[in-house]
Amino acid sequence: MRIIASTLSVILSLWACTCLPAQVPVSVPVIPAPQEAHLTDKSFNKKYLDRIQYDRDLTLPAEAYVLEIKKNRIVVRSSDEAGRFYAQQTLAQLSSADVMHCGVIKDAPRYAWRGFMLDEARHFHGKEKVKELLDLMARYKLNRFHWHLSDDQGWRVEIKAFPELTQIGAVGDYTDANAAAKFYTQDDIREIVAYAAERHIEVIPEIDMPGHASAFNRTFPDLAFGSRTVNPENEKLYEVLNQVIKELADIFPGRYLHIGGDEVSGEGWKERQKGFELRHSAAVRAAGKTPIVWDDAIDSDLDPETTIIHWWRADHPESLEKALASGYQTIVSPWDPFYLDYIQDARCKEGHLAWKQYVNGLDEIYNYPLSADEHIIGVQANLWTERVVTSDRLDYMVFPRLIALAEKAWSSSLDYNDFLQRLEGELRYLDFRQVYYFDFRDFSRHPEPLK
Ligand code: ACM
């Protein structure tokens, strides 16, 4: 009897080994963390990585995917191309681990807007750097590239009706007011927009008005009001801006145009700004785009149905509250802690000068408490480049903080310690791509580039 019982238990345990799902949960080496993952301790044979079956499943939401990894084949289900693309990004990360486990991943983003902003007005970084950034954004499932293309130091986009905007306005940068003109031609822009679209990234240009407009004012002194603001009472201003909007709407096929609106103050400006924003945003809508404004324009009475507010003033929480209560779709980018021009570690020397005491660390970005308000359409990290001249410094300020932001934007449940463990694999990937990231594990490994 004893022999029969023990033989039976051996047979049962063998059966369990071969037929039941393994009981050992396996952690998922993917950033951003997927919504749901059930990996087993069985391994997938990587020589079958090209055996992927793609099925359309219209029951899944936009950008979502289901990934089934069987022993020698993979099935991907999604309702759209973006979901399929994100399954491929997940697979790229899974397959770079030594062992790739079988199992099922069900994934969908928390937010529709997962953004990164690059300021190319203060210092121009060029097409190849932008493409590198787009590659890395795609790996972490970021989908909005906000391109700050005008500011006091430079106007960086060709406008065919006004060649003087780049002949004059593109001269200079934050370091050298006489630096040779640097800007993107319309062909460059089309190339980048197409490159981004292949990676499911929408590009949103920003032309910052009515403040931060010195480069525009150098080109059109008659339209200026002081040195940094345009004159909203001059009719000719709207003729020029409407032509700019028309050309931008043509070269940027996306849904949005960012019209700036930040940091204008002084005698009478509140009313002036309101008049300007109402008229300028109407022209953007007439060109078929949704205007986005920085939250400084919250009191300009823009239509909540057709305007997006971009909240950045962490020191003005009431502005976010007003945006949400008024029903505006809102993007959340508080400078504390989502601005990547601030230092990320107390040992760093160079960062936003006026506010050097603020350290926007990896953990602060990751753990920033987000309201559950349904009007928040997403989050975004911004890099202002007054003090970012070189490509190495750009990398250093952006990575790995942008990866923390990406997980915040995509994943519904967040665990910082688990994120740090998964980040190890991604830092190896950044090494492989020769990204000069801030290595918080060993401060001396990539010394801080000061320019
Ligand atoms: C901003 O940081 N001035 C939008």
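The values are calculated or read from the model by the stated rules, or taken from the named source; none is laboratory data. The structure presented is a predicted model; accordingly, all values stated were derived computationally and were not measured. Reconstructed Cβ throughout: ideal geometry from the backbone, glycine too, with neighbour counts over all protein chains shown.
Descriptive notes on the structure:
- In the stretch 303-312, of all residues being without any contact (Cβ under 8 Å) to a residue 24 or more places away in the chain and under 18 Å from the mean Cα position of the chain (by Cα), the one that is nearest to the ligand (Cβ to nearest atom) corresponds to TRP311.
- Any hit, the stretch 66-82, residues being assigned to a strand (DSSP E or B) and out of contact with any Leu (no Cβ under 9 Å at 6 or more places or on another chain): yes
- For the stretch 143-153, filtering for residues that are more than 15 Å from ASN217 (Cβ to Cβ) and assigned to a strand (DSSP E or B) leaves 5.
Yes/no per residue for (1) touching a helix residue (DSSP H, G or I) at 6+ places or on another chain (Cβ under 7 Å); (2) modelled with pLDDT of 95 or more; (3) at positive phi; (4) of a type outside the set (A, V, I, L, M, F, W, C):
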position: LYS322; (1), (2), (3), (4): no, yes, no, yes
position: GLY327; (1), (2), (3), (4): no, yes, yes, yes
position: PRO334; (1), (2), (3), (4): no, yes, no, yes
position: LEU340; (1), (2), (3), (4): yes, yes, no, no
position: GLU350; (1), (2), (3), (4): no, no, no, yes
position: ALA354; (1), (2), (3), (4): no, no, no, no
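- Condition met for ILE168 (β-branched (Val, Ile, Thr) and more than 21 Å from the chain's Cα centre (by Cα)): yes
- Of all residues in the stretch 42-58, exactly one satisfies the criterion of being in a loop (DSSP other than H, G, I, E, B) and polar (S, T, N, Q), namely ASN45.
- Against the conditions (1) in contact with a helix residue (DSSP H, G or I) (Cβ under 8 Å, 6 or more places away or on another chain); (2) part of a helix (DSSP H, G or I), HIS125 satisfies every one except (2).
- Positions within the stretch 83-113 being assigned to a helix (DSSP H, G or I), of a type outside the set (Gly, Ala, Ser) and over 25 Å from GLU202 (Cα atoms), in sequence order: LEU94
- Test: PRO21 is touching a strand residue (DSSP E or B) at 6+ places or on another chain (Cβ under 6 Å), modelled with pLDDT under 95 and not hydrophobic (A, V, I, L, M, F, W, C): yes
Quick grid of which residues meet (1) in contact with a strand residue (DSSP E or B) (Cβ under 9 Å, 6 or more places away or on another chain); (2) charged (D, E, K, R); (3) within 14 Å of the ligand (Cβ to nearest atom); (4) closer than 14 Å to PRO205 by Cα:
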| residue | (1), (2), (3), (4) |
| --- | --- |
| GLY254 | yes, no, no, yes |
| LEU257 | yes, no, no, yes |
| SER265 | no, no, yes, no |
| LYS274 | no, yes, no, no |
| VAL284 | yes, no, no, yes |
| PRO291 | yes, no, no, yes |
| ASP315 | no, yes, yes, no |
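- Residue check, VAL389 in contact with a His (Cβ under 6 Å, 6 or more places away or on another chain), more than 16 Å from the ligand (Cβ to nearest atom), among the hydrophobic types (A, V, I, L, M, F, W, C) and over 19 Å from HIS146 (Cβ atoms): yes
- Residues being of a type in the set (S, T, N, Q) and either surrounded by 18 or more Cβ atoms within 10 Å (Cβ to Cβ) or assigned to a helix (DSSP H, G or I) (or both) - total across the stretch 301-329: 3
- A single entry from SER326, SER371 fulfils the requirement of being closer than 30 Å to ILE403 by Cα, polar (S, T, N, Q), over 18 Å from the mean Cα position of the chain (by Cα) and more than 16 Å from the ligand (Cβ to nearest atom): SER371.
- Filter result for ASP119 (out of contact with any Pro (no Cβ under 6 Å at 6 or more places or on another chain) and at pLDDT below 95): no
- Tabulated pairs, the stretch 39-65, first under 16 Å from ALA92 (Cβ atoms), second of a type in the set (Lys, Arg), C-beta under 7 angstrom, 6+ apart or interchain: PHE44/LYS71; TYR48/ARG73; ARG51/ARG73; TYR54/ARG84; TYR65/ARG77; TYR65/ARG84
- The residue list GLU247, GLU198, GLU191, GLU206 contains one member that is within 16 Å of the ligand (Cβ to nearest atom) and closer than 26 Å to GLY115 by Cβ, which is GLU206.
- Within the stretch 354-443, helices (runs of 4 or more DSSP H) holding 3 or more residues that are among the hydrophobic types (A, V, I, L, M, F, W, C), in contact (Cβ under 8 Å) with a residue 24 or more places away in the chain and surrounded by 15 or more Cβ atoms within 10 Å (Cβ to Cβ): 391-398, 401-410, 416-432
- Given (1) in contact (Cβ under 8 Å) with a residue 40 or more places away in the chain; (2) closer than 18 Å to VAL230 by Cβ, index of the condition TYR174 fails: (2)
- Number of positions in the stretch 330-346 that are assigned to a helix (DSSP H, G or I), among the acidic types (Asp, Glu) and within 11 Å of the ligand (Cβ to nearest atom): 0
- The set of residues in the stretch 364-393 being more than 15 Å from LYS408 (Cα to Cα) and of a type in the set (Asp, Glu) consists of ASP373, GLU374, GLU386, ASP392.
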